[in-house]
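The values are calculated or read from the model by the stated rules, or taken from the named source; none is laboratory data. Predicted, not measured: the structure shown is a model, and the values here were computed from it. We place every Cβ from the backbone using ideal geometry, glycine too, and count neighbours over all the protein chains shown.
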């Protein structure tokens, strides 16, 4: 059951978008079909796709396997947050600007790595750390030791505070 809920969470954005679009189609088309209705629905669908394209995270280019991920964490000499995300998860899309801002604010103190749960090394991370939901944030020390794990939300202010106390 938990596996099913996790997969639904990973697909939450397209599921919600389809539901909203279906409801809009029902309301708009209930009194008959006209060309303007079709155009409005197509524009709504295009807007949903555009929002997704703007907010979706991209996997860190330097990683291709679990081994290189561990090397990347240790070689940086900085604490690292690994974001395990799904491209279609609404909460992942919501957290992207927070993670981007944190990465920019603490660029000298912190390394941020993103891994798609449906690709490599996301699958390896999923198995190794028993990840069920996205986004999951794995916090590593500069030496590569897992310090903590947070699921769903990354508290930017707390991370910055913890970095200041190192």
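Just one of (1) within 11 Å of the chain's Cα centre (by Cα); (2) part of a loop (DSSP other than H, G, I, E, B); (3) buried (at least 21 other Cβ atoms within 10 Å of the Cβ) fails for residue 84. It is (2). Residues in region 105-124 that are outside any strand (DSSP E or B), at pLDDT 90 or above and in contact with a strand residue (DSSP E or B) (Cβ under 6 Å, 6 or more places away or on another chain): 117 only. Checking each residue in region 25-61 for being loosely packed, with under 13 Cβ neighbours inside 10 Å and in contact (Cβ under 8 Å) with a residue 40 or more places away in the chain picks out only 58.
Checked against the criterion of being assigned to a loop (DSSP other than H, G, I, E, B) and farther than 17 Å from residue 11 by Cα, region 40-60 contains one or more residues that satisfy it.
Can you find even one residue in region 127-135 that is out of contact with any helix residue (DSSP H, G or I) (no Cβ under 8 Å at 6 or more places or on another chain), surrounded by 13 or more Cβ atoms within 10 Å (Cβ to Cβ) and either assigned to a loop (DSSP other than H, G, I, E, B) or in contact (Cβ under 8 Å) with a residue 40 or more places away in the chain (or both)? Looking for residues that are out of contact with any helix residue (DSSP H, G or I) (no Cβ under 8 Å at 6 or more places or on another chain), surrounded by 13 or more Cβ atoms within 10 Å (Cβ to Cβ) and either assigned to a loop (DSSP other than H, G, I, E, B) or in contact (Cβ under 8 Å) with a residue 40 or more places away in the chain (or both), one finds at least one in region 127-135, hence yes. Regarding region 15-32, can at least one residue be identified that is under 27 Å from residue 137 (Cβ atoms), at pLDDT below 85 and in contact with a helix residue (DSSP H, G or I) (Cβ under 8 Å, 6 or more places away or on another chain)? Yes - at least one qualifying residue is present in region 15-32.
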